[in-house]
Amino acid sequence: MVVRQKSDFPDSGRILKRSKPLMSDSALQDKDTNDAVEGKDKFEDMPNCVVLHTLSFMETKDAVRTCVLSKRWRNLWTGIPCLNFNSKSFSRLVDFRRFVVCVLSRRDSSAVKVLNYSRTGVDYATDQNLFNKVIDYVTSHGVEEIRVNLRAKGRGSPPVDIPLSLFNCVSLKKLLLKDCHPSKATWILPFEPPKHLLHLKQFTLDPTAPGHPYSFAGLANIFGFATLTTLNLCRLTLSFTGYETLNPFENCLNLKNLLLREIRFMLEPVPEDFVISAPQLNNLTLMCCRFFKCNLVIAAPKLISFNYLYAAPGAMFEFNIPSVHNFTINICEPQNKLGAPHQKPGEKTKHGLIKMFREGPEAELSFSTAVVSCGAVIMPKKKCPSCCRCQWKALNLRVGSTYKVFVNKLDQITAYFRHCSQHGEYDVLSI
Amino acid sequence: MAEEKSQASSSKMLTLKASDGVLFEVELNIAKEMKTVQAYIDDCEDIETIPIPNVLGKHLAIVIEYIKKTNEEYDAEFEKQWNMDDLQLLLLAANYLNISGLQECLCKAIAKRIENKSPEYVRKVFNIENDHSPEEEAKLRKEYKWAFEGVDKD
């Protein structure tokens, strides 16, 4: 297996080496230089690595065509470090299959950095055998990024087994699975999870048909989230079989960025508390999620920004963060945009409870069309030693003026924050 | 010399001399985006004018502008202004000067313009001489015939 070590493209690709220390006039007279500048052979002057870089942005089918251009180009395509397979460019799926197999067999031994595999078919089932071949090939050629799209016409996302070779791939950093339902291949499983976990930095799961239920534990079990720094889960329906509290990310020791988009629980059972707490989490975004009947607890100690966008009204959440520095909260509700039928203008929306317990030098809270309940409901817990002694330096509260009710409660809200911090300066802006 | 070094380097100006003699005064931090220039500076610290022997003035101007303005929006519109000849010369420049962002942007742009074109078109645009014999070419076209379906008409 050949794996490129340092840079993506070898240094030998530089056309003219800088002569040292100063360029003499005679160097400027160099004939080759003048030819390049005059533009006689432009692309022909490009080193192979630059040509391959350009071909990486094309579909592999188009790149292969360059073999007829000239003798130089005959086998150039076999070294492209990016494989872009798209079944849409073929009139028949069987042709697509032949094309993929042909490319894999003709390619040279150089590394594949990126695989884009898109097999969108008529059948509900995907071609598992072809998928295995492709994954086996790229994982043995040092792949770093894999993007898969297996959308089936009509029915949505076919099930697919993830081959063992993917789990054993030490070079893989980013994985995107779109429109498919992954499960572990039926290989011989030891009782404990495999010692070698995927060293994924970024994982995105985005199936189209939200009917198929997942469990967080199941996903973590398949893919091993311990090394992830970025996790995007989109359009998933989650099944929950635990007790009252769900805290699925607590073992994601390296997770910095988390996006949960269009996530919902199956109707029953629903956890009472859905805790989002990962030790290194900096950025959390929840978008269009429906956590009906479930209390969202944000307890990530290093959180810097929290975005809660286009969620169903009536969501309840609380923050339980020991210390906050430069924390930005952005809560945004649609104004009848996303078709939530029960949301009428003027209707009081109880958006959530916010409990801030400790100090934070600077925090920015921006609400557009939201109501914050505060006052009697928010009582700091007695056991918290530093409650009521927040050291907020500044608090900017931007309030959308859509709901009259909210605007009337401004005094209560500012009183609450003043109560939390004796030292703060407050700036309440109405938009 | 020691005093010069200890001053803030971001306000220091550097002169780049294009192949046709055009001079460009740029801030040090702009010039440093060109890794080739950076290496030059690292080697000879006293240098004030750096020759760029194989990039024309007009292309060096475009490259410098790119470095100053690059962001998502700018990059998306950047390539639309240039014809294929300029794109290729800019790519040669970006490669020589070792500016990875610009090289990526240009490779993408060139790929987009040729991706569904016939080999004849591509040969013309890149000025490639076809040194395949007719038999060799026919053999390749047959071998990869699925690659030649659905190509744009010239």
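Structure summary
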item: Sorted largest first, extent of the stretch B:31-107 alpha carbons per principal axis (Å); result: 39, 24, 17
item: Likely footprinting exposure, A:ARG92, A:ARG151, A:ARG72, fewest C-beta neighbours within 10 Å first; result: A:ARG92, A:ARG72, A:ARG151
item: 18 Å Cα-Cα threshold exceeded, pairs from B:LYS32/B:LYS80; B:LYS17/B:LYS58; B:LYS58/B:LYS124; B:LYS80/B:LYS112; result: B:LYS32/B:LYS80; B:LYS58/B:LYS124
item: Inter-label distance, nm, simple model (7 Å from Cα along the C-beta direction), B:GLU72/B:LEU23; result: 4.1 nm
item: Per residue Cα convex hull volume in Å³ - calculated over the stretch A:52-130; result: 96 Å³
item: Relative contact order %, chain B, counting alpha carbon pairs below 8 Å whose residues are six or more apart; result: 18 percent
item: Added length on full extension, which subtracts the Cα-Cα distance from 0.36 nm per residue, B:GLU143 to B:GLU65; result: 23.5 nm
item: Share of Cα-Cα pairs in the stretch B:92-136 lying beyond 16 Å, as whole percent; result: 54 percent
item: More than 28 angstrom apart: percent of Cα pairs within chain B; result: 38 percent
item: Shielding by partners, peptide A:45-52 (average Cβ within 10 angstrom, other chains); result: 4
item: Label-point separation, A:GLU250 to A:VAL94 (7 Å along Cα→Cβ), nm; result: 5.5 nm
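Throughout, read-outs are computed from the coordinates displayed, never taken from laboratory work. In this text the structure is predicted, and so the values were computed from the model without any measurement. Note that each Cβ is placed from the backbone with ideal geometry, even for glycine, and that neighbours are counted across all protein chains shown.
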